[in-house]
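Okay, so here's the structure we're looking at.
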Amino acid sequence: MKVVTKTTITEYPLLSRGKVRDIYEIDESSLLIVTTDRMSAFDVIMAEPIPYKGVILNQITLFWMKKFEHIIANHLIASDVKDFPEPLQKYADELEGRSVLVKKAKPLPIECIVRGHISGSGWKDYTKTGSVCGYKLPEGMLESEKFPTPLFTPSTKAELGDHDENISVERAAEMVGKELADKVAEVSLRIFSEGRDYAEEKGIIIADTKFEFGMVDGELILIDEVLTPDSSRFWPKSSYTPGQGQPSFDKQYLRNWLSAQDWDKTPPAPALPEEVIAETGKKYAEAYTILTGQTLLL
């Protein structure tokens with residue numbers, strides 16, 4: 001299996017090249033999404049890839065989408081390259097394990113964030129205001145403490161290189177309509193709660209995450225990535241200690257290393273040492289194995 005940082009599929013138009021994913025238009029109703037090994041942190045793409053990270057992210061998403069099919073439909077058409085259109089077969093060594101053929105959806109203009117624990121920007125918000133994204137919280141909460149109930153805290157979707165902006169539930173309703181906003185909040189909280197309960201049984205605390213939804217023929221569906229180490233905070237349950245930051249199975253390890261460097265979080269990012277690349281990849285692979293009970297043969 002190849003390490004893939006960028007794809008060039010000439011038979012189909014490239015619709016977007018994001019921080020991690022290359023997206024091609026197959027026809028008027030379907031897309032090819034390729035999850036590369038590009039790594040981003042603080043909305044900056046690193047010069048060095050994390051080998052096979054894209055395969056791990058793609059496989060974790062496939063695992064969760066299947067698990068949540070009883071809650072909401074998703075955009076998947078095919079995940080085996082053998083089932084892709086014939087012109088894609090010659091790219092099989094680049095696409096295997098890291099790509100999906102999906103329905104073309106109209107993405108909602110909001111990120112659907114669910115927070116189960118107080119961490120990251122939520123913790124910073126709380127220490128200044130006593131609230132998280134407009135939710136007034138009890139006094140005296142500790143960093144990493146579990147919320148009494150998970151919070152739905154939507155945000156805007158930023159362009160590449162910009163930062164998402166937290167918005168109120170009321171603002172989300174203005175952007176997509178109250179009925180749809182209520183629906184995505186309800187589905188987001190349900191998926192998060194079910195996923196969190198499953199992960200905790202396996203030894204991982206999902207502290208927070210973001211979901212994306214889109215519309216196909218008037219139906220709300222789940223799109224993009226689901227409960228991955230890129231879109232979530234994964235903490236080992238065995239060492240969980242409220243009152244401090246937690247070790248993690250996600251990109252927080254890389255963020256912590258970058259934060260310790262003399263870097264203003266604008267491109268270019270510092271060069272990643274081999275040990276940081278290896279340790280980051282190890283954490284992603286470990287998360288996959290713990291959640292699915294399988295080991296990826298890369």
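The values are calculated or read from the model by the stated rules, or taken from the named source; none is laboratory data. Nothing here was measured: the structure is a model prediction, and the numbers come from that model. Note: ideal-geometry Cβ built from the backbone for every residue, glycine included; neighbour counts use all protein chains shown. Ligands, DNA and RNA are excluded from the accessible area calculation, which covers all protein heavy atoms including side chains. Shrake-Rupley method; radii C 1.70, N 1.55, O 1.52, S 1.80 Å.
Details
- Put simply, of PHE234, PHE192 the only residue that is open to solvent by less than 10 Å² (accessible area, probe 1.4 Å) and within 15 Å of GLU111 (Cα to Cα) is PHE192.
- Some residue of region 56-66 being in a loop (DSSP other than H, G, I, E, B) and not acidic (Asp, Glu): no
- Taking the numbered list (1) in contact with a Pro (Cβ under 9 Å, 6 or more places away or on another chain); (2) over 30 Å from LEU15 (Cα atoms); (3) of a type outside the set (Ser, Thr, Tyr) in turn, GLY134 passes all entries but (1).
- Screening LYS90, LYS19 for residues that are within 16 Å of the chain's Cα centre (by Cα) and surrounded by fewer than 18 Cβ atoms within 10 Å (Cβ to Cβ) leaves exactly one candidate, LYS19.
- Failed criterion for PRO270 (all others in (1) under 17 Å from the mean Cα position of the chain (by Cα); (2) within 30 Å of THR127 (Cβ to Cβ) hold): (1)
- Among the candidates ILE45, ILE60, ILE113, ILE50, residue that is surrounded by 22 or more Cβ atoms within 10 Å (Cβ to Cβ), over 30 Å from GLU174 (Cβ atoms), in contact with a Pro (Cβ under 9 Å, 6 or more places away or on another chain) and hydrophobic (A, V, I, L, M, F, W, C): ILE60
- Every test in (1) surrounded by 15 or more Cβ atoms within 10 Å (Cβ to Cβ); (2) among the charged types (D, E, K, R); (3) not in a loop (DSSP other than H, G, I, E, B) is passed by LYS282 save one, and that test is (1).
One line per residue, one yes/no per condition, for (1) surrounded by fewer than 18 Cβ atoms within 10 Å (Cβ to Cβ); (2) under 25 Å from ILE45 (Cβ atoms); (3) of a type in the set (Ser, Thr, Tyr); (4) in contact with an Asp or Glu (Cβ under 8 Å, 6 or more places away or on another chain):
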position	(1), (2), (3), (4)
SER99	no, yes, yes, no
PRO107	yes, yes, no, yes
ALA158	yes, yes, no, yes
ASP164	yes, yes, no, yes
ARG171	yes, no, no, no
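- The residue of region 93-136 that is nearest to THR209 (Cα to Cα), among those that are in contact with a helix residue (DSSP H, G or I) (Cβ under 8 Å, 6 or more places away or on another chain) and small (Gly, Ala, Ser), is GLY116.
- Yes/no for THR153 being out of contact with any Pro (no Cβ under 8 Å at 6 or more places or on another chain) and either open to solvent by less than 70 Å² (accessible area, probe 1.4 Å) or not assigned by the TED database to the domain that holds ARG233 (or both): yes
- Hey, THR289 assigned to a helix (DSSP H, G or I) and buried (at least 20 other Cβ atoms within 10 Å of the Cβ) or not: no
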